[in-house]
Amino acid sequence: MTLDPRKLHPESLMMSHGYDPFLSEGAAKPPIFMTSTFVFRKAEEGEKFFRWAYGLEERGRDQSMGLIYSRLNNPSLQILEERLSLWDGAEAALSFASGMAAISTMALATLAPGDVLLYSMPVYGGTEFFFEKILPRFGIVTKAFPMDLPAAELESLARGYGDKLAMFYLESPANPTNVLIDIAAVAALARKLSSARPVRTAVDNTFLGPVFQNPLALGADLVLYSATKFIGGHSDVIAGAVTGPKSLVDPISVYRTMLGTVPDPFTCWLLLRSLETVKVRMEAQAKSAERIARALAENPRVEKVYYPALLEPGTSQRAIYDRQCTGPGSIISFEVRGGKAAAFAFLDSVALCKLAVSLGGTESLVEHPATMTHSDVPPEIQARFGITEKMIRLSVGMENADDLIADLRQALEASAR
């Protein structure tokens, strides 16, 4: 008896999809293919594979891409990408050497000189730097807009650029404020504005994906990840990913080949390991995070907590959360009474949590966005979009929730001294 893989859940398919053990001596798990080049059976085969790889000829859906060279493809890479696509229900997926490699390669492949990119703020500091400092050097116009900009004003802003508008880029929840944006509404606006040319919607889904939010199902065209975070999940790998329809992903693949932003085979193997547990990890971390967020909200040393599960019923933010998210994730931001000095005292006093940037790992991490992950964002822009000197970002790991609450409590007490 066999099971129809189309009826299985992604967490089940992570154990076997895209891999035949008997092509690798019966190995239960995919081996690491530390191979730079691959042998063709015939010269015509090599010609065909290269034409497909460089986009010189479209490959049919029933035609299988062969192996060429590990900057283009690799068995470890291909198995990973087949499994990545399952979580988002995407036609295709690409993996990258980092989250910024995914963002930059996608942007360079999708945008052209004269195009306009509208992006929501706040975003990750590296993303903001790339959009503001690098893309304009290629003749691409970038403009930030606040996450809570009314729909009519966003449409007016977008229409002002006419047919030059090429993309909306969203990050939801936003890093580090956890503010949400209505992905479906922006995607619908993009389609409405698509006349002489398509306007694309790309979403950084790192905070809640791939388990608690599916932007493709909400109408987005492309989904991006820092796979370093929850997908990797162990703070031992740097990687990125893009998922979406084959018609959009394939051109990005050509740019990845030329820019060399492909991940190495060992990185792919580590991500395959992590995909097997991503759902249970994210669910366990979110369960702890909700308890911790509520404890922080009750602590007199905390001015405000930014966490999706604590959004007030009846507010527009809560309505967005209820529509597009299936869980709150495990990233909490909160403001400590006493400003920067108190925030630093808190950070210097944690014992179980680790003072480090990044997020999504099995260990809990705390950092100061204003002077660390978002330090390249100008102070006036930080202030405009809610990144304050008293803000702490906490990534909740797999430790016991009671122990984490105790650690945060003692660090908050120390911040008052």
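The values are calculated or read from the model by the stated rules, or taken from the named source; none is laboratory data. Bear in mind that the values here come from a model prediction, so they are computed numbers and not experimental data. For neighbour counting, all protein chains shown are included, and Cβ atoms are generated from backbone atoms with ideal geometry for every residue, glycine included.
Considered as a group, the residues in the stretch 29-45 that are loosely packed, with under 12 Cβ neighbours inside 10 Å and among the hydroxyl-bearing types (S, T, Y) include one that is nearest to the chain's Cα centre (by Cα), and that residue is S36. Contact map, the stretch 378-391: residues that are in contact (Cβ under 8 Å) with a residue 12 or more places away in the chain paired with residues that are hydroxyl-bearing (S, T, Y), Cβ distance under 6 Å, separation 6+ or inter-chain. Pairs shown: G386/T177; M391/S333. Looking across the stretch 250-268 at every residue that is among the hydrophobic types (A, V, I, L, M, F, W, C) and surrounded by fewer than 22 Cβ atoms within 10 Å (Cβ to Cβ), the one that is farthest from the chain's Cα centre (by Cα) is identified as M258.
Condition test on G26, is it part of a loop (DSSP other than H, G, I, E, B), more than 32 Å from the chain's Cα centre (by Cα) and more than 20 Å from T261 (Cβ to Cβ)? Answer is yes for this residue.
A search for C-beta distances below 9 Å between a residue of the stretch 181-201 that is free of Cβ contacts under 8 Å to residues at least 60 places away in the same chain and under 16 Å from A217 (Cβ atoms) and any residue that is of a type in the set (V, I, T) and assigned to a helix (DSSP H, G or I), counting only pairs 6+ apart in sequence or on different chains, returns A185/I320; T201/I183; T201/V186. Are any of the residues in the stretch 3-18 surrounded by fewer than 16 Cβ atoms within 10 Å (Cβ to Cβ), among the basic types (K, R) and under 20 Å from N73 (Cβ atoms)? No, the stretch 3-18 contains no residue that is surrounded by fewer than 16 Cβ atoms within 10 Å (Cβ to Cβ), among the basic types (K, R) and under 20 Å from N73 (Cβ atoms). Within the stretch 238-245, at least one residue is closer than 29 Å to A411 by Cβ, of a type outside the set (S, T, N, Q) and crowded, with 16+ Cβ neighbours inside 10 Å. The combined condition, being out of contact with any strand residue (DSSP E or B) (no Cβ under 7 Å at 6 or more places or on another chain), aliphatic (A, V, I, L, M), in the same structural domain as L94 (by TED's automatic domain parsing) and surrounded by 22 or more Cβ atoms within 10 Å (Cβ to Cβ), is fulfilled by L208. Scan the stretch 218-234 and give yes if some residue there is assigned to a helix (DSSP H, G or I), in contact with a strand residue (DSSP E or B) (Cβ under 7 Å, 6 or more places away or on another chain) and either in the same structural domain as D182 (by TED's automatic domain parsing) or at pLDDT below 95 (or both), otherwise no. The answer is no, given that none of the residues of the stretch 218-234 is assigned to a helix (DSSP H, G or I), in contact with a strand residue (DSSP E or B) (Cβ under 7 Å, 6 or more places away or on another chain) and either in the same structural domain as D182 (by TED's automatic domain parsing) or at pLDDT below 95 (or both).
Sub-6 Å Cβ pairs linking a first residue in the stretch 92-121 that is within 17 Å of L271 (Cβ to Cβ) to a second residue that is modelled with pLDDT under 95 and of a type in the set (S, T, N, Q), at least 6 apart or interchain, are L94/S253, ordered by first then second residue.
Residue-level check: of (1) on the phi < 0 side of the Ramachandran plot; (2) in contact with a strand residue (DSSP E or B) (Cβ under 7 Å, 6 or more places away or on another chain); (3) not basic (K, R), G244 misses just (1).
Please verify whether G339 is within 17 Å of the chain's Cα centre (by Cα) and either outside the structural domain of K29 (by TED's automatic domain parsing) or aromatic (F, W, Y) (or both), treating the condition exactly as stated. Answer is no for this residue. The residues listed here are S104, S98, S70; of these, the one that is over 30 Å from E132 (Cβ atoms) and assigned by TED's automatic domain parsing to the domain that holds L135 is S70. Scan the stretch 34-41 and tell me whether some residue there is in a strand (DSSP E or B) and either at pLDDT below 95 or of a type outside the set (F, W, Y) (or both). Looking for residues that are in a strand (DSSP E or B) and either at pLDDT below 95 or of a type outside the set (F, W, Y) (or both), one finds at least one in the stretch 34-41, hence yes. When restricted to residues that are surrounded by fewer than 19 Cβ atoms within 10 Å (Cβ to Cβ) and under 26 Å from the mean Cα position of the chain (by Cα), the stretch 283-308 contains 6.
Within the stretch 42-59, the set of residues being assigned to a loop (DSSP other than H, G, I, E, B) and either of a type in the set (A, V, I, L, M, F, W, C) or modelled with pLDDT of 90 or more (or both) comprises K42, L56. Within the stretch 309-332, can one find any residue that is more than 24 Å from Q213 (Cα to Cα) and of a type in the set (D, E)? Checking the stretch 309-332: not a single residue is more than 24 Å from Q213 (Cα to Cα) and of a type in the set (D, E).
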